[in-house]
Amino acid sequence: MKTMMTLSKIPTKQSLILRRDSGRTVGQYSADGEQRTNDMQRATPDSSVKLALMLVALLLALPAFRTQAQPASDPAGFYRINCLSNSDTIVSIPFSRPAAANVVVDSVTGNEVTVKGAPGWTPNQFVYSSTAEPVPQTNTYYLRFLSGAKEGSYLPVTANGEDTLTLSLGGDDLSSVADGDQAAVIPYWTLATAFMGGKGAVASSSVLNPRTEVLIPDLSGVGINLSPTISYVFLTNAANLSGVWRQVGEGTVNKNDAVLLPDVYFIVRHNTTNGTVFSAQGSVPVSKLVIPMLTQTSTKQDNFVAVARPATMTLDESGLFQSGAFLASSSGLNPTDVLLVFDNQVAAKNKAPVETYYYLNTWRRVGSGTTNMNNQAVFVPGTGVIIRKNSTIDGFSSFWINSPNF
C-alpha cells in the first residue's frame with residue numbers, strides 16, 4: 001500500500017492527482033458547481049447521548065454486516081457541530097452519504113470494474129450532468145472498496161454501463177482488486193446536501209459582503225501554512241428566495257453541486273454575531289479508511305485531514321503511526337512529522353493550532369516533555385487536523401490506513 005503511486009481526488013471542478021514523482025498535478029474533472037454541540041470536546045468521548053445511542057445500534061449491526069456474503073447498508077448516525085459567531089470552525093462530516101449501490105466485484109479490466117448480479121444500471125446514471133434529461137444528475141459519485149487488498153480506498157466514477165463502473169485512477173491501479181471484493185457506489189457530499197437549504201450558514205445578500213463563508217483548503221499548494229483557495233457563500237436575494245451557493249470570483253455560476261471530499265475538512269467562517277449549528281447525518285463507514293498524505297522533496301507539506309468516523313479516537317487507536325503514514329522523530333527539538341490540532345471552542349479566524357504532537361518511541365505533545373500521549377483523545381468527530389509531513393527523498397505519498405474503533 002505504501003508504494004501505491006497515486007490517488008485521485010475531486011476538489012469541485014478539478015481532479016487533484018497525487019503523483020509519486022512531483023507530488024501533485026491538477027487536471028480537469030466533470031462536476032460543475034455539488035446539534036454535536038461542542039459539548040463533546042476533544043477529550044470527552046462519551047458526553048453525546050445521541051452519539052452513544054447511535055453507536056449502540058452500530059455495534060449491534062456490525063456482526064451481521066461483517067459476516068454477510070453480500071454487501072449491506074451501513075448503520076446511520078446523527079451529529080451536530082456548533083459554529084461560533086465571528087469565528088472559523090474546522091468542520092468535517094463524520095458520515096458518508098447513503099450508498100447508491102452496494103456491489104460485489106466480478107472482474108477488473110484496466111480502470112473498469114464489472115460487478116456481479118446484473119444490476120441493470122442506466123448508462124452513466126452515476127455521472128454528474130447538469131443537463132441530463134428528464135432531470136439533471138446533481139451528484140458526483142465515487143467507488144469505495146469495503147474489503148480486499150484495497151479496502152478503504154476510493155476512486156471517482158467517470159462512467160458506468162449496465163454492470164460496469166469506470167474509475168478515474170489518477171495513476172493508481174486496480175491490479176490488487178479481486179473477484180468477490182465488496183464495494184459501494186457513494187455520492188460525494190456537496191454544498192447543497194451538506195447544508196440542506198442553507199442550514200448551518202447565515203445567508204448573504206451579496207458575495208461582496210459574505211455573512212458566512214465555506215472555505216476550502218489549498219489542496220494543490222506546496223508547503224505549509226497555506227491559505228484557503230476557494231470561498232463559497234450562500235446567497236439569497238429577491239430574485240432567488242430559495243438560496244443558492246456561489247463561489248467568490250466565479251460570478252453567478254451555481255455551485256450547489258460543488259463536491260466536499262470525504263477526507264478533507266472545510267472551514268465555516270462566520271462574519272457575523274450570529275452563530276449556527278451544522279447538523280450532519282448519514283451512513284457510518286464500518287470499513288477501513290485510506291487517507292493519502294502528500295510529501296515534497298524539498299519542503300514540509302501540510303495535509304488538511306478529516307476522518308469520517310462518528311466516534312472519538314485516541315492517537316494509538318487511529319493507526320496513524322502504525323500504518324507508516326506518520327514518521328517517527330529522533331528528537332523532540334526537531335520533530336520529523338507533526339500533527340496539529342485545533343480548538344473549535346475558541347472564537348478566532350485564521351486559527352493557530354493549540355496542540356502539536358509527534359512520535360518519539362511513543363506519542364508525545366510539544367510542551368509535555370516525555371509524557372506518553374498514546375491514549376490522548378485527539379481525533380474528534382466533526383472536526384479536522386493538519387498532518388505536516390517532512391520532506392522525503394522521492395516525494396512519495398504515504399497512506400494512513402484507519403480502522404474503526406467501534
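Any read-out appearing in this document is the output of simple, stated calculations on the displayed coordinates, not a laboratory observation. Fair warning: this is a prediction, and the values are worked out from it, not measured in the lab. In this analysis, Cβ positions are derived from the backbone assuming ideal geometry, glycine residues included, and neighbour counts consider all displayed protein chains.
Quick one: if the Förster radius is 45 Å, what FRET efficiency do T273 and I393 give, using the C-beta to C-beta distance and rounding to 0.05? Each step should come with its number before you reach the end.
Working: r = 50 Å, r/R0 = 1.12.
Given R0 = 45 Å and the Cβ-Cβ separation, E is 0.35.
Based only on other Cβ atoms within 10 Å, what is the fewest-to-most ordering of D218, D181? Intermediate results must be reported in sequence, preceding the final value.
Values: D218 16, D181 22.
The order, fewest Cβ neighbours first, is D218, D181.
If we sort 311-318, 198-205 on the protection proxy, mean other Cβ atoms within 10 Å, highest first, what's the order?
Averaged packing, sorted descending, gives the order 311-318, 198-205.
At 7 Å along Cα-to-Cβ for each site, give me the label-to-label distance between T299 and V346 in nm.
Going by the 7 Å Cα→Cβ label model, 2.5 nm.
Which length gain, in nm to one decimal place, applies between L208 and V354 when the Cα-Cα distance is subtracted from 0.36 nm times their residue separation?
49.4 nm
Please work out the ratio of the alpha-carbon Rg of the range 196-278 to 2.2 N^0.38 Å and round it to two decimals.
For the range 196-278, the normalised Cα radius of gyration comes out at 1.11.
Return the distance in nm (one decimal) between the two label points of a simple spin-label model at Q322 and N86, each offset 7 Å from Cα along Cα→Cβ.
For Q322 paired with N86, the spin-label model returns 4.5 nm.
Return S397, S331, S147 ranked ascending by Cβ neighbour count within 10 Å, so the fewest neighbours appear first.
S331, S147, S397
A201: net charge of surrounding residues, Cβ under 13 Å, Lys/Arg +1, Asp/Glu -1, itself excluded?
Working: positive: K199, R211, R246, K255, R269; negative: E213.
Once all neighbours under 13 Å are counted, the net charge is +4.
List the aspartates and glutamates whose Cα sits under 16 Å from the Cα of K351, skipping any in the same chain fewer than 8 residues away.
The reachable aspartates and glutamates, counting only those whose Cα sits under 16 Å from K351, are D88, E213, D218, D302, D343.
What does the extension gain come out to for D163 and T109, with contour length at 0.36 nm per residue minus their alpha carbon separation?
18.1 nm
Ordered by residue, what ³J(HN,Hα) values in Hz, to whole numbers, does the range 129-134 give under the Karplus form 6.51 cos²θ - 1.76 cosθ + 1.60, where θ = phi - 60° and Gly and Pro are x?
7, 7, 10, 4, 10, x
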